[in-house]
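The values are calculated or read from the model by the stated rules, or taken from the named source; none is laboratory data. Predicted model, so just to flag it, every value in this text is computed and none were measured. Glycine gets a Cβ as well: all are built from the backbone with ideal geometry, and neighbour counts include every protein chain shown.
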Amino acid sequence: MAEPILTVDHLVKSYDGKTNVLDNVSFAVKPGEVIVVVGPSGCGKSTLLRCLNGLEPVQAGRVKLGSETVAYGGRNLAALRQRIGMVFQSYELFPHLTVLENILLAPTKVQKRPRAEVQQEAEALLDRVGLLAKKNSYPRELSGGQKQRVAIVRALCMHPEILLFDEVTAALDPEMVREVLDVMLDLAREGKTMVIVTHEMQFARAIASRVLFLDDGRIVEEAPPADFFDHPQTERAQRFLRTFTFDAVAKQ
Ligand code: ADP
């Protein structure tokens, strides 16, 4: 059995020192796995992703990338974070840089890779997501869906061992959601290791190797997608999934 790329071990996180936003969360991600984290708003999904990337101090427990501990304020954090790609709901592109400059910045400045090599790779990836013609555009000239695809290419160009996606379609108009999800499905088919937080349940079902259902900071269910969506074990998961069925009916 392959060793996990990422291990989360009894993680406890509190913002105020009283309530635990993450309460003893443990799971592991093996190479090529796609873990989808779902759960009601406020249950701790974003906090979890931020902890995986060392963006938050934690009260107890540990996150490990391979054999190394990812810790907020840790001495090797910058180096470790280069190995973890993160894509945010809000794109986080630099407005004053073109698409290509946004993508090339970290691989050339931080990883010190040759510009020509990274540019070739960036252009191939932009072509793959249908955006090569936009390489010299500025973020303000792009739609939300296009910006998010650029953000994904930027993360990929760092050659991360694992990619984290935090509700990357939540700010998009419905017609743009698909183009971003299709890129992620393509990455999954290619065997990329990913942890995805999403409210898109059909997509979750299609892409997940495993679903983690988080409620009140705890992993309440952990199951393959068919099991979770067809036979949720807990009343809380059943109730959560019913809200989506109702949404789908209400939209018709
Ligand atoms: P989700 O992503 O599932 O909606 P979050 O991780 O954003 O949940 O939030 C979990 C809980 O932590 C919520 O109660 C939220 O209000 C709280 N929280 C999130 N970020 C902060 C913060 N920076 N400071 C204080 N509380 C926070």
Look at region 190-238 and say how many of its residues are outside any loop (DSSP other than H, G, I, E, B) and away from the ligand (no atom under 16 Å from the Cβ).
-> 17
Would you pick out the residues in region 66-92 that are in contact (Cβ under 8 Å) with a residue 24 or more places away in the chain and either within 23 Å of residue 18 (Cα to Cα) or touching a Lys or Arg at 6+ places or on another chain (Cβ under 6 Å) (or both)?
-> 91
Do we find that residue 87 is buried (at least 22 other Cβ atoms within 10 Å of the Cβ) and at negative phi in this structure?
-> yes
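Looking only at region 1-38, how many residues end up being small (Gly, Ala, Ser) and either within 17 Å of residue 196 (Cα to Cα) or surrounded by 15 or more Cβ atoms within 10 Å (Cβ to Cβ) (or both)? Before you say what the answer is, go through the steps one by one.
Our first condition is that a residue be small (Gly, Ala, Ser); within region 1-38, this holds for 2, 14, 17, 26, 28, 32.
If we keep only those that are either within 17 Å of residue 196 (Cα to Cα) or surrounded by 15 or more Cβ atoms within 10 Å (Cβ to Cβ) (or both) as well, we get 14, 26, 28, 32.
Counting residues in region 1-38 that are small (Gly, Ala, Ser) and either within 17 Å of residue 196 (Cα to Cα) or surrounded by 15 or more Cβ atoms within 10 Å (Cβ to Cβ) (or both) gives 4.
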Among 100, 105, the single one that is modelled with pLDDT of 95 or more, of a type outside the set (Val, Ile, Thr) and in contact with a Lys or Arg (Cβ under 6 Å, 6 or more places away or on another chain) is 100
Exclusive hit being closer than 15 Å to residue 179 by Cβ and not charged (D, E, K, R), set 110, 99, 129, 118 | 129
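Inside region 20-38, can you point out the residues that are hydrophobic (A, V, I, L, M, F, W, C) and either away from the ligand (no atom under 14 Å from the Cβ) or not in a loop (DSSP other than H, G, I, E, B) (or both)?
Residues of region 20-38 that are hydrophobic (A, V, I, L, M, F, W, C), as a first pass: 21-22, 25, 27-29, 34-38.
Answer for region 20-38, where residues must be hydrophobic (A, V, I, L, M, F, W, C) and either away from the ligand (no atom under 14 Å from the Cβ) or not in a loop (DSSP other than H, G, I, E, B) (or both): 22, 25, 27, 28, 29, 34, 35, 36, 37, 38.
Counting residues that are farther than 21 Å from residue 132 by Cα and within 16 Å of the ligand (Cβ to nearest atom), which helices (runs of 4 or more DSSP H) fully inside region 39-119 reach at least 3? Walk me through how you get there before you give the answer.
Numbers: elements: 45-52, 77-81, 99-109.
Counting at least 3 such residues, we get 45-52.
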Looking only at region 2-16, decide whether some residue is modelled with pLDDT under 95, of a type in the set (A, V, I, L, M, F, W, C) and not in a helix (DSSP H, G or I).
-> yes
Would you confirm whether any residue within region 142-153 is surrounded by 16 or more Cβ atoms within 10 Å (Cβ to Cβ) and among the hydroxyl-bearing types (Ser, Thr, Tyr)?
-> no
Return the only residue of 162, 219, 152, 207 being of a type in the set (Val, Ile, Thr) and over 16 Å from the mean Cα position of the chain (by Cα).
-> 219
Scan of region 1-19 for residues that are near the ligand (Cβ under 10 Å from one of its atoms) and closer than 19 Å to residue 72 by Cα, ordered by number = 13, 14, 15, 16
Region 152-181, residues that are β-branched (Val, Ile, Thr) and more than 16 Å from the ligand (Cβ to nearest atom) | 152, 153, 162, 177, 180
Could you grab the pairs with beta carbons closer than 7 Å, sequence gap of 6+ or different chains, first residue in region 1-24 and closer than 13 Å to residue 217 by Cβ, second one within 14 Å of the ligand (Cβ to nearest atom) and basic (Lys, Arg)?
-> 20/13; 21/13; 22/13; 23/218; 24/218
